[in-house]
1. Go through (1) at pLDDT 95 or above; (2) under 24 Å from residue 244 (Cβ atoms); (3) in contact with a helix residue (DSSP H, G or I) (Cβ under 7 Å, 6 or more places away or on another chain) for residue 138 and report which single condition fails.
2. Considering only residues that are buried (at least 20 other Cβ atoms within 10 Å of the Cβ) and either within 17 Å of residue 336 (Cα to Cα) or not assigned by TED's automatic domain parsing to the domain that holds residue 147 (or both), which ones fall in the range 204-220?
3. Only one of 16, 9, 40 is at negative phi, small (Gly, Ala, Ser), surrounded by 18 or more Cβ atoms within 10 Å (Cβ to Cβ) and at pLDDT 95 or above; which?
4. Within the range 220-240, which residues are farther than 15 Å from residue 173 by Cα and charged (D, E, K, R)?
5. Could we say that residue 26 is assigned by TED's automatic domain parsing to the domain that holds residue 168, surrounded by 15 or more Cβ atoms within 10 Å (Cβ to Cβ), outside any strand (DSSP E or B) and within 13 Å of ligand 1 (Cβ to nearest atom) here?
6. Say whether the condition of being farther than 25 Å from residue 238 by Cβ and either out of contact with any Lys or Arg (no Cβ under 7 Å at 6 or more places or on another chain) or touching a residue at least 12 places away in the same chain (Cβ under 8 Å) (or both) is met by at least one residue in the range 327-347.
7. Residue 104 versus (1) touching a residue at least 12 places away in the same chain (Cβ under 8 Å); (2) out of contact with any Gly (no Cβ under 8 Å at 6 or more places or on another chain); (3) outside any loop (DSSP other than H, G, I, E, B); (4) surrounded by fewer than 16 Cβ atoms within 10 Å (Cβ to Cβ): which is the lone unmet condition?
8. Which ones in the range 194-210 are part of a strand (DSSP E or B) and within 27 Å of residue 312 (Cβ to Cβ)?
Amino acid sequence: MAIWNPWHGCHKISPGCVNCYVYRRDESIGKDASIVKKTGDYNLPMKKNRQGDYKLTAEDGVVFTCMTSDFFLEDADEWRQGCWDMIRERRDLQFYIITKRIDRFAQCIPTDWGNGWDHVTICATCENQERTDYRLPILLDLPIRHREVICEPMLGEINMEKYLGTGLIAHVTCGGESGNNARPCDFRWIQEVRRECIRCGVPFTFKQTGAVFVKDGKVYHLERKLQIQQAKKSAYSYIPGMGMAEKIVYKLPERRTLFERLRKSDFRSRFHLSDKEKVYIAEKGIETIRRHAQDFVSKRLSAENPENDGKQTPMKGHPVFIAQHATACCCRSCLEKWHHIPTGKALNQEEQSYIVDVLIEWLTGECGR
Ligand code: SF4
Ligand SMILES: [Zn+2]
């Protein structure tokens, strides 16, 4: 990867900017990051070595553009055209632009932009729900060939499924905040975006935990190095079809604690079998019901990214469906939340049998009521 910073300095405009790393780094060396200046690297894509070849080549990988500022900053309006000229010239490179000012994009593009340039990726930052609902509709509406989303620093729970469902977002990255005053990032927020990505078949990257990471209600303080390491180790990133979630280490819950938790849930404990369904089970016999359950689990739940996930289990029609809702075995999100089985992986035999056992235990309990 290469970095091209045509100018340096920025202005804070968004909750995600509060602890901006450009400001932090500049302050540590006594510089004022709010002064925006062109850098000596302004024309980096055009720079050549002594042999007369471009310094930046395709082998350098993606060119991350404007990482110590914002490409669409007002202060840079008169310099940007020159950048577009260089980008147009270097179609052999891949440019990657991350911005919090996607709302300025339309007024900042060159006249020959057309439907977008194939070698430019535009990535909108969304740190909370409010910014997501403001920026993503704009991002989706613009003529851009490659759109990505970064939730970093992630500051709250974010739902973006309706935007992901358009099929126009190529990748989502999530991560916490680093630095001394870092705000906490809750693993549940990361999990939720990941599930939405999996349901929509969008690649997802968990980049870093941030300095203050909350998991299962416990707060962890991590030094910089560990923030990226831990995220990597969790193997929580997801690329459709790569079986990456296979590597996640997790433990199925202990059966007794699981049923205790289910009893405490207002929603789950509301489900019960009707007399008709009890008669049905008595007539068929529990072994037949077990086979039905095996069949539902295998056909509706076990794929890496099941079709219609979240809506695949009807509310009536078979006692097993009721059992699935009552025990949170209804969809992959519930299986992850309640049973720790990660989304984004095919269910193996052990997991499928575990689910069937839970369902049968609940059904037998109901029939004895
Ligand atoms: S837009 Fe980015 S670079 Fe600019 S102040 Fe905010 S976080 Fe910093
Ligand atoms: Zn569910």
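1. (2)
2. Matches in the range 204-220: 204, 206.
3. After ruling out the rest, the residue left standing is 16.
4. Matches in the range 220-240: 223, 224, 225, 233.
5. When the stated conditions are applied, residue 26 passes them.
6. yes
7. (4)
8. Those that are part of a strand (DSSP E or B) and within 27 Å of residue 312 (Cβ to Cβ): 204, 205, 206.
The values are calculated or read from the model by the stated rules, or taken from the named source; none is laboratory data. Note that the structure is a prediction, hence the values are computed from the model and not measured. Backbone-built Cβ (ideal geometry, glycine too); neighbour counts: all protein chains shown.
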